[in-house]
Amino acid sequence: MPIPHKTPQELPAWQQLAALAAAPQPHLRDLLAADPAREARMAVSAAGLTLDASRQRCSPAVHGALQALAEQAGVADHRDAMFRGEAINTTEDRPVLHVALRGDPSWGGPWGAVVQADVQRELGRVCDFATRLRAGEVHGHSGEAITDVVNIGIGGSDLGPRMAADALAHLAHDTVRVHYVSNPDAWALYSVLRGLNPARTLLIVSSKTFTTQETLTNAASARRWLIDGGCPPDALSQHLVAITASPAKAASMGYPPERTFLFWDWVGGRYSVWSALGLPLAIAIGADGFRQFLAGARAMDGHFAQAPLSQNLPVQMALYGIWNRNFLQMPTQLIVPYASRLGRFTPFVQQMDMESNGKRTHCHGQPVNVDTGPIVWGGLGIDGQ
């Protein structure tokens, strides 16, 4: 079936939803009382997660119209095109292959074997380096083992690894510590470095283009700190790692090729924690932990790729979001994790959701005349409330 190019309002299901939203909305307690099986019927589980949508303000008629909307909009066709490696990023004429980072070589059509060879090569390098560092086999200029790693990045080069490292802190190494700096304010860097020994510190500079000014400013300051702390300038490379899609740029700034880890222009920053940009996470939780992290994402990829839309957890979440934002006129979405280790989950989702959906044109160039997503906000548990 060809992928439709219609705007959402042209679809019959959208018009049906508009009519349903214009009518008086049933109270949630009445929806629950009228349908004793509502909780079971509106729950979807996959990869160890369960979506309970029974408390959504969504009648059976609305639920049915949302399923029809997904069918009429060609969601399955768009999804399948992504997994086939088609250039669904029409602005840059690129495929969107972050699912390939999770390592299933059976996906990806003609690009699968080539991309997976690259992905597995870099994953092997990441895991090998993380294992050696955690074993005390990576040394600085003095011959002392590295005990502190400082990741310098911003946006997707910071949020994902930092969020996941906090969430998986129970896997942290006893003696190797990983720190993160993103804000170019001098205090952010100073507050991390002031307690560290330069001879035992490794800098990871994470930047897709290696032109991000905030990151390069912090990196330059940290390099000066290493030299002021006794590292000879000609030994500085022993304390440097680069993660980038622009290795030539990194090399021109003195980052050694053997310690430059690669990812590709088809990896969006907000999806990059599953790429070599996950090196700080792999150091924090170990190579085995990092591979399990990839396996968890791969399990959800498999569910998204194969489950019927009506039982597809990410698709159902998206449909309820469309109903809430466009028809019930709810402008924001609150995310409140109650597990302390998920304290950075909300800002991670803020970037993931709002950067993905905050568009003013459709993929075929027409101006957007619907609400493409909510403002995402929130905080940790009771404090957030």
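The values are calculated or read from the model by the stated rules, or taken from the named source; none is laboratory data. All values derive from a computational prediction rather than experimental measurement. Neighbour counts are summed over all protein chains in view; Cβ atoms, including those assigned to glycine, are modelled from backbone coordinates with ideal geometry.
Here are the numbers for this structure:
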| quantity | calculated |
| --- | --- |
| Unique residue being within 22 Å of Gln350 (Cα to Cα), among the aliphatic types (A, V, I, L, M) and either in the same structural domain as Ala135 (by TED's automatic domain parsing) or at pLDDT 95 or above (or both) when the list is Ile154, Ile227, Ile243, Ile146 | Ile154 |
| Ala81 among the small types (Gly, Ala, Ser), in the same structural domain as Gly321 (by TED's automatic domain parsing), under 21 Å from Asn326 (Cβ atoms) and surrounded by 13 or more Cβ atoms within 10 Å (Cβ to Cβ) | no |
| Every pair of residues 6+ apart whose Cβ atoms lie under 9 Å, when the first sits in segment 198-215 and is among the hydrophobic types (A, V, I, L, M, F, W, C) while the second is in a helix (DSSP H, G or I) and surrounded by fewer than 19 Cβ atoms within 10 Å (Cβ to Cβ) | Val205/Leu216; Phe210/Leu216; Phe210/Pro247; Phe210/Ala248; Phe210/Lys249; Phe210/Ser252 |
| Failed item in (1) surrounded by 13 or more Cβ atoms within 10 Å (Cβ to Cβ); (2) at pLDDT 95 or above; (3) within 23 Å of the chain's Cα centre (by Cα), with Asp118 passing the rest | (2) |
| Qualifying residue in segment 271-282 (condition: more than 16 Å from Val149 (Cβ to Cβ), hydrophobic (A, V, I, L, M, F, W, C) and out of contact with any Pro (no Cβ under 8 Å at 6 or more places or on another chain)) | yes |
| Within segment 133-154, tally of residues that are free of Cβ contacts under 8 Å to residues at least 60 places away in the same chain, under 31 Å from the mean Cα position of the chain (by Cα) and more than 14 Å from Arg259 (Cβ to Cβ) | 4 |
| Single residue of Thr212, Thr201 found to be polar (S, T, N, Q), under 25 Å from Ala287 (Cβ atoms) and assigned by TED's automatic domain parsing to the domain that holds Tyr271 | Thr201 |
| Those residues of segment 272-320 which are in contact with an Asp or Glu (Cβ under 9 Å, 6 or more places away or on another chain) and either surrounded by fewer than 20 Cβ atoms within 10 Å (Cβ to Cβ) or under 21 Å from Ala47 (Cα atoms) (or both), in sequence order | Ser275, Ala287, Arg298, Asp301, Gly302, Ala305, Leu309 |
| Index of the failed condition, Gly381 passing every other in (1) of a type outside the set (Phe, Trp, Tyr); (2) within 21 Å of Tyr271 (Cα to Cα); (3) in contact with a Phe, Trp or Tyr (Cβ under 8 Å, 6 or more places away or on another chain) | (2) |
| Members of segment 340-363 found to be touching a residue at least 24 places away in the same chain (Cβ under 8 Å) and among the small types (Gly, Ala, Ser), listed by number | Ser340, Gly343, Ser356 |
| Residue in segment 27-38 that is within 19 Å of Gly321 (Cα to Cα) and surrounded by fewer than 17 Cβ atoms within 10 Å (Cβ to Cβ) present | yes |
